[in-house]
Amino acid sequence: MAHFGVVAPAFYSHVSALSALALALVERGHRVTFLQRPDAAAYMGDARLGFHAVGAASHPPGSMAQSLRRAANPGSPLGLRRVILDMAAGTGMLCRELPGAFAQLGIDAVLADQMEAAGALVAEALGLPFVSVACALPVNREAGVPLPVMPFDWGDSERALHMVDGSTRVYDWMMTPHRRAIEAETRRLGIPVRGALHECLSPLAQVSQTVAAFDFPRARLPDGFHHVGPLRCATHKAPARIEALPAIAPGRPFVFASLGTLQGHRFDLFKRIAKACRRLDAQLLVAHCGGLDARQARALESHGATWVCAFAPQEAALARADAVVSHAGLNTVMDAVAAHTPILALPIAFDQPGVAARIRHAGVGLSASPRFTGAGALARQLRRLLDEPGFAQRCAPLAEQVRNAGGSTRAADIVERALGPVAAGRVQRG
């Protein structure tokens, strides 16, 4: 069988989703190895998956924490530029290190996260087949469709089209350091020059954690693009750090709040959410993903949170919740949609503004500013989600698409079908 190399950004949410696909392939007899900076080994949660550290000279152990802090809270335009420079440096390092690592490991094919160009570029340079995986919103561009990082809604008016065009130009200008890094590496690798993530996608197959009904209207996705829904592993045991779902009292609303692994330190935002739930006499479970200390957790309980934990059983919590307050991370949102749970989105970074825009477009929730929205306004938004049945009802057709999308099993089918003889193990090495 084949040996797959997985190349993704050094973010837990991306590694988690790709691990589900990787385990589906392992269960079919394949071998899978993730390749990233040394610190990313901490994300690996299953002994069946391999990890190969690269780039220790430029990205030494202990250095990832600072990069993650910048990514979680870039702050000023200068801070955002630093994040983009980190992305560029990561792509450059991987493009330099992966060719030798692939040869050393005997990699036959590559699973390349859309948000990290290096996997696709090196696979192309080495003549290895690769499949692109969209763990975040797809980066595939289409005229009139706002980029994933943009906060505004889809529209076909002249004004809306001008907004898409203008915001795309601004985004491309801001990403200049990243573009230059990709251009330089394509020249060094001896492949056709390109400079943006959407130009580094597989011609064989592309899979996305989304479903079509959740995205904005699309007309020009490639034939090899597949909406497979959330990438989850049904056979993977929950880590020991995940606490049991608490005893939720019937007859009172239950709200689940999570800001993901990068944003769980935002005590002030959690405090406003807790105060909002107290105004509604709603039970609130906060999962801060290790971002808060014990003192802060106790303080949240004094402000209105019923339970505070580091890690909760998310799918079980969402299945029981009457509403979820989220940073609009795609993993949480797709799980909420599958559970018919309305969403109050508080987008902070990355593609979260675009996810929030799609939540509004699909009518499955509301959004608000995480910085400027007070407890009273949050309470009013939650009141709507709890009182108006339309939000949960509009989740139903999306949830049906999620159920039928196939998830990790279908994604593994697509990978094997796209790679043909390679996936079957009929690889001839020189």
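Taking region 32-48, which residues are hydrophobic (A, V, I, L, M, F, W, C) and closer than 19 Å to GLY62 by Cα?
Hits for region 32-48 are PHE34, LEU35, ALA40, ALA41, ALA42, MET44.
Restricting the search to region 241-272, which residues are under 23 Å from the mean Cα position of the chain (by Cα) and not in a loop (DSSP other than H, G, I, E, B)?
Residues satisfying the conditions are VAL255, PHE256, ALA257, SER258, GLY260, THR261, LEU262, GLN263, PHE267, LEU269, PHE270.
Check off (1) surrounded by fewer than 16 Cβ atoms within 10 Å (Cβ to Cβ); (2) among the basic types (Lys, Arg); (3) under 25 Å from ALA125 (Cα atoms) for ARG28 and give me the number that stays unchecked.
(3)
In this structure, does ARG358 turn out to be among the basic types (Lys, Arg) and in contact (Cβ under 8 Å) with a residue 60 or more places away in the chain?
Spelling it out, ARG358 is indeed among the basic types (Lys, Arg) and in contact (Cβ under 8 Å) with a residue 60 or more places away in the chain.
What helices (runs of 4 or more DSSP H) lie completely within region 363-429 and have 3 or more residues being over 20 Å from SER326 (Cβ atoms)?
390-405, 407-419, 421-424
Any chance you could count how many residues in region 275-321 are assigned to a loop (DSSP other than H, G, I, E, B) and surrounded by 18 or more Cβ atoms within 10 Å (Cβ to Cβ)?
12
Residue under question is ARG358, and the condition is that it be among the charged types (D, E, K, R), in the same structural domain as LEU259 (by TED's automatic domain parsing) and over 21 Å from LEU231 (Cα atoms); does it hold?
No; evaluated as a whole, the condition is false for this residue.
Does PRO74 satisfy the criteria of being out of contact with any Phe, Trp or Tyr (no Cβ under 7 Å at 6 or more places or on another chain), part of a loop (DSSP other than H, G, I, E, B), under 28 Å from ALA328 (Cβ atoms) and at pLDDT 95 or above?
In short, no.
Only one of these conditions is not met by VAL415: (1) outside the structural domain of GLY260 (by TED's automatic domain parsing); (2) in contact (Cβ under 8 Å) with a residue 40 or more places away in the chain; (3) over 21 Å from the mean Cα position of the chain (by Cα). Which number is it?
(3)
Can you name the residue in region 326-346 that is under 27 Å from GLY376 (Cβ atoms) and part of a helix (DSSP H, G or I) and is also farthest from the chain's Cα centre (by Cα) among such residues?
Restricting to residues being under 27 Å from GLY376 (Cβ atoms) and part of a helix (DSSP H, G or I), the top hit is ALA336.
The values are calculated or read from the model by the stated rules, or taken from the named source; none is laboratory data. Given the structure is predicted, the values throughout are model-derived calculations rather than measurements. For neighbour counting, all protein chains shown are included, and Cβ atoms are generated from backbone atoms with ideal geometry for every residue, glycine included.
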